[in-house]
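Everything below concerns the one structure shown next.
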Amino acid sequence: MKIERDLAIQILKYRDHHKDFYFPFMVICVECSKEEDDFTEIEPSEWKLIENDNMYQTFELRENLQNLYKETVELMAQGFLEKTINSEKARNSIRNFIFYTTEGHTFQSNSKADIPDVENCQVLGWGKGGTIEDAFKNFKKESLWLDASGFNEVIGVELKNDKTYFFNLKN
């Protein structure tokens, strides 16, 4: 698995300072290898050398599963459980989305012009669902007027929360 240079240095530094911690991966530096199939594991104590020499840029993690400590197995299990539980929660949670379009035209509230004053986006509405696709289906079901609107391209964005903030341009 490829990793960023900064992460490789962080891992090596941590391992150097926590010598009893078993990390079930080797940090490999591609530039240190002599042949394409060959690889050189970077020792934790070499983190300063790597940090101070920009020649080393390409890093990978390779599995090194041997003599697993109980703590290592527990950490690995915890990671897999979090991944499984979080993906299940995300699938089952109701999320909020806003749907808008860049089609159409808008006039300012005090406009007397025949030509639109503002190029903007128009909010079409909101939808809820476990995925954006589900939310869009729900939004279309609840917005029967959409078929007659003439809009075609709709953009959906997930909202982080339901908080609404009001501002005044005159203050």
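Looking only at residues of region 143-171 that are more than 13 Å from PHE99 (Cα to Cα) and of a type in the set (D, E, K, R), we find that the one that is nearest to the chain's Cα centre (by Cα) is LYS160. Can PHE167 be described as aromatic (Phe, Trp, Tyr) and in contact (Cβ under 8 Å) with a residue 12 or more places away in the chain? No, not satisfied. Scanning region 127-142 for residues that are part of a helix (DSSP H, G or I), more than 17 Å from TYR100 (Cβ to Cβ) and either among the polar types (S, T, N, Q) or in contact (Cβ under 8 Å) with a residue 40 or more places away in the chain (or both) yields a total of 0. On the stretch given as region 146-164, residues that are outside any strand (DSSP E or B) and either surrounded by fewer than 10 Cβ atoms within 10 Å (Cβ to Cβ) or aliphatic (A, V, I, L, M) (or both) total 12. For region 119-145, a residue qualifies if it is surrounded by 13 or more Cβ atoms within 10 Å (Cβ to Cβ), closer than 21 Å to HIS105 by Cβ and modelled with pLDDT of 90 or more, and the qualifying residues are LEU124, GLY125, SER143.
The values are calculated or read from the model by the stated rules, or taken from the named source; none is laboratory data. The structure presented is a predicted model; accordingly, all values stated were derived computationally and were not measured. Note: ideal-geometry Cβ built from the backbone for every residue, glycine included; neighbour counts use all protein chains shown.
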